[in-house]
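Working notes, structure below.
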Amino acid sequence: MKNLLQLFMKAFAILFTCSIYGQNFVDVTRSNDGQTVNLSSDQVLEVKLPRTPSNGYTWCEQKINADRPVKKSVSQIGDGVFVPDASLGTTNGRVMPGRPGTQVIRYVGASSGTTSLTLELRRPWLKNGEVIDSYTITVVSSGKYTGTYTPPVKKIPTDHLTSTPIGLPTSWDWRTQCTPIANQMQCGDCWAFASCGT
């Protein structure tokens, strides 16, 4: 009887902890393209889409015409996260840069209403760059987000910050010095073009 009571107390403690600290996420993937998703005020929408960072393309919200601003019932929370595909293994214990994976973008309710959320796979630094793929879902939000999810804060390393030597600019934009990024097809060096572009 004592063991049963202890087991019950442990199970209750685990469930209670999970209900307080657990988050209520709604995951959507490529297979949900064109569908409608309901988002309650305590839920976080996680859009998980495949991406290959080595080609410089990333999922971004569709550009909106500045003449006609659109009020959306959802807003992005935090920065997007990229998760490399672990099934491809590692080299010398390190994940190879540029390997395919999943881009995760999170949204929460901003108000009650319906929003058509369209994401485009494009190079964000190019003004009129080619869109090679798109993804659209309709999100029905029940209201402003009331949950407890707080996105992680990205730590900026400060050990590299030093004073600027006299005569050097405080910033420099390499994009004006580079050739246009080319589609490298099967070549493994396209990550270098993408790195320079970003």
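The values are calculated or read from the model by the stated rules, or taken from the named source; none is laboratory data. This structure is a prediction, so every number in the text was calculated from the model and none was measured. Accessible surface is based on the protein model in full, side chains and every heavy atom, while ligands, DNA and RNA are left aside. Shrake-Rupley method; radii C 1.70, N 1.55, O 1.52, S 1.80 Å.
Just list whichever of LYS48/LYS72; LYS72/LYS154; LYS48/LYS127; LYS71/LYS144 have alpha carbons separated by over 22 Å in the model shown. In this structure, LYS72/LYS154; LYS48/LYS127 lie more than 22 Å apart at Cα. Protein-only accessible surface at a 1.4 angstrom probe places the residues TRP191, TRP59, TRP125 in the order TRP191, TRP125, TRP59, largest first.
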